[in-house]
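Okay, structure first, notes after.
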Amino acid sequence: MGLRSSTEARILDAAEDLFFSQGIFSTPIDAITARAGVSPATLYRGYASKDALLAAVLERRQNAWIESWDEAIARASTDEQRLLAIFEALDAFREQPRGSRWCAFLGASAEYASAPPEVAAAIRADTDAMRYRLTRLAEPVSAQDAPALAEQLLLIVSGDLAMRLRAPDHTTGTARAIAASLIPQRA
């Protein structure tokens, strides 16, 4: 038997809050169950392990991130703006109640020398989605070099996210400017 959606949301909310404020390895399951107001048996009815719970948190977070990014793309009016919309989305996502000071996927990657399969798959899914989407968005502005431009932007985005640890008030302005300088100028 699965979990009720309200119970599942409480567990995922608690796990996300604790994993990305206290650390994944530093967060015991009993802290998650206490925060969510559920028993360990209830948690394990929905998630076979702490790693499975983390993978579910990351999947939910990726879905929320993609939604924010899609909204930023929809507000853009040119191909260049759509490509650079990722930076507006990063700042907007950070302001959401579930936003955090930096990237949950980078945090999860940093905590595991060798991530378990379900966690590795969630991290890979996020990276692959960003790479794919950036490549598709780069095609109208740099058709032949779209994959290379997407890789450059992915690196800039990752660095921008990491800077949020060093400078809590960091915004994406500098990263966006660097990214914009990489876009070929149209004649």
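The values are calculated or read from the model by the stated rules, or taken from the named source; none is laboratory data. This one's a predicted model, so the numbers in the text were calculated from it and none came from an experiment. We place every Cβ from the backbone using ideal geometry, glycine too, and count neighbours over all the protein chains shown. These accessible areas exclude ligands, DNA and RNA; they are computed on the full protein's heavy atoms, side chains included. Shrake-Rupley method; radii C 1.70, N 1.55, O 1.52, S 1.80 Å.
Here are the numbers for the structure shown:
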read-out	value
Chymotrypsin sites (Phe, Trp or Tyr not before Pro) within segment 2-45, DSSP loop, no more than 14 other Cβ atoms inside 10 Å	F25
Accessible area in the full protein assembly, largest first, 1.4 Å probe, for D79, D169	D169, D79
Estimated distance in nm for a label pair at L165 and L106, the labels positioned 7 Å out from Cα along Cα-to-Cβ	0.8 nm
Solvent-accessible heavy-atom area per residue, rounded to whole Å², over segment 1-68 at 1.4 Å	49 Å²
CD proxy at 222 nm, helix term only [per DSSP H run n ≥ 4: -39500 (n - 2.57); per residue of the chain; nearest 500]	-24000 deg cm²/dmol
Table column - 3J(HN,Hα) (Hz), segment 14-27, Karplus curve with 6.51, -1.76, 1.60, x for Gly and Pro	4, 4, 4, 4, 6, 4, 9, 10, 9, x, 5, 5, 7, 9
Simple label model, 7 Å out from Cα along Cβ direction - S5 to A113, nm	4.3 nm
Spacing of the two label points (7 Å from each Cα toward its C-beta) at Q152 and N63, in nm	3.6 nm
Neighbour-limited loop hits for trypsin sites (Lys or Arg not before Pro), segment 113-187 (at most 15 other Cβ within 10 Å; DSSP other than H, G, I, E, B)	R186
Hz values of 3J(HN,Hα) by residue in segment 161-175 - Karplus curve (6.51, -1.76, 1.60), Gly and Pro given as x	5, 5, 4, 5, 6, 7, 10, x, 8, 4, 10, 8, x, 5, 4
